[in-house]
Amino acid sequence: MKKAVIPIIAGVVFGIIGFYSGKSVGYENGKRTTERLQNLKPIEDIRAELRAREAESITQFISGKAGVSQVDEGSFFETKIVQYFSGSLTNSAVMATVKDVRLNVDFYSKTNTKIGNQEIVIYEYIKPGSTINFKEQINIPEKVEDFKFQIIDAKPE
């Protein structure tokens with residue numbers, strides 16, 4: 001019996017020491033975790049911050065494809081050729097919505113000489129991650145062989 005008492009007492013002593021040291025370590029870990037969680041920003045603040053950063057340089061998030069076409073919109077007895085600049089614009093931003101995208105279209109001759117340009121504003125909202133199609137009537141100079149367009153400006157919503 002005496003041989004069994006010493007291991008039991010040692011076990012109880014080490015158990016008590018382990019319990020209190022584990023309690024202390026657990027308390028400190030919990031305290032640190034609580035402090036970290038309290039220092040985190042709310043998701044609404046993070047979203048607002050991202051939206052503001054995207055809005056500062058919104059034109060970097062807009063890309064597009066476009067083409068020039070001529071359509072006969074006249075009646076059966078009358079020919080009326082109308083020229084259109086149509087395509088699509090994509091907003092790759094995560095949070096910022098875009099509106100009123102200004103495009104500049106340059107027209108070039110067969111010899112790659114710039115023979116005209118026109119500015120177009122697309123009055124549409126482009127939500128984050130989405131694409132819109134547009135079709136705007138334009139006046140194309142004669143002898144145009146090629147065109148190039150660029151996005152000049154856009155406004156964040």
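Does any residue in segment 75-92 that is under 21 Å from ASN139 (Cα atoms) and in contact (Cβ under 8 Å) with a residue 12 or more places away in the chain come within less than 8 Å, Cβ to Cβ, of a residue that is not polar (S, T, N, Q) and not in a strand (DSSP E or B) six or more places away or on a different chain, and which pairs are these?
Close Cβ pairs satisfying both conditions: VAL82/GLU73; GLN83/ILE140.
In this structure, does LYS127 turn out to be basic (Lys, Arg) and more than 30 Å from ARG51 (Cβ to Cβ)?
Spelling it out, it is not the case that LYS127 is basic (Lys, Arg) and more than 30 Å from ARG51 (Cβ to Cβ).
Residue check: is ILE140 farther than 20 Å from SER57 by Cα and exposed (fewer than 13 other Cβ atoms within 10 Å of the Cβ)?
Spelling it out, it is not the case that ILE140 is farther than 20 Å from SER57 by Cα and exposed (fewer than 13 other Cβ atoms within 10 Å of the Cβ).
Only residues in segment 35-56 that are modelled with pLDDT of 85 or more count as the first member; pair them with residues that are in a helix (DSSP H, G or I), Cβ under 7 angstrom, at least 6 apart or cross-chain, and list the lot.
Close Cβ pairs satisfying both conditions: GLU54/PHE61.
Conditions (1) more than 30 Å from PRO156 (Cα to Cα); (2) modelled with pLDDT of 75 or more; (3) surrounded by fewer than 10 Cβ atoms within 10 Å (Cβ to Cβ); (4) not acidic (Asp, Glu), marked per residue:
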| residue | (1), (2), (3), (4) |
| --- | --- |
| ILE6 | yes, no, yes, yes |
| ILE16 | yes, no, no, yes |
| LYS23 | yes, no, no, yes |
| GLY30 | yes, no, no, yes |
| ILE58 | no, yes, no, yes |
| VAL82 | yes, yes, no, yes |
| TYR108 | yes, yes, no, yes |
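Could you say which residue among GLU54, GLU35, GLU49 is outside the structural domain of ILE151 (by TED's automatic domain parsing) and touching a Phe, Trp or Tyr at 6+ places or on another chain (Cβ under 7 Å)?
GLU54
Does segment 95-105 contain any residue that is more than 24 Å from ARG51 (Cα to Cα), surrounded by 12 or more Cβ atoms within 10 Å (Cβ to Cβ) and among the small types (Gly, Ala, Ser)?
Scanning segment 95-105 turns up no residue that is more than 24 Å from ARG51 (Cα to Cα), surrounded by 12 or more Cβ atoms within 10 Å (Cβ to Cβ) and among the small types (Gly, Ala, Ser).
Only strands (runs of 3 or more DSSP E) wholly contained in segment 89-157 count here; list those with 3 or more residues that are out of contact with any Phe, Trp or Tyr (no Cβ under 9 Å at 6 or more places or on another chain).
Passing ranges, in order: 114-126, 146-156.
The values are calculated or read from the model by the stated rules, or taken from the named source; none is laboratory data. Just so it is clear, the model here is predicted, and its values are computed rather than measured. Counting neighbours? That spans all protein chains shown, and the Cβs are built from the backbone with ideal geometry, glycine included.
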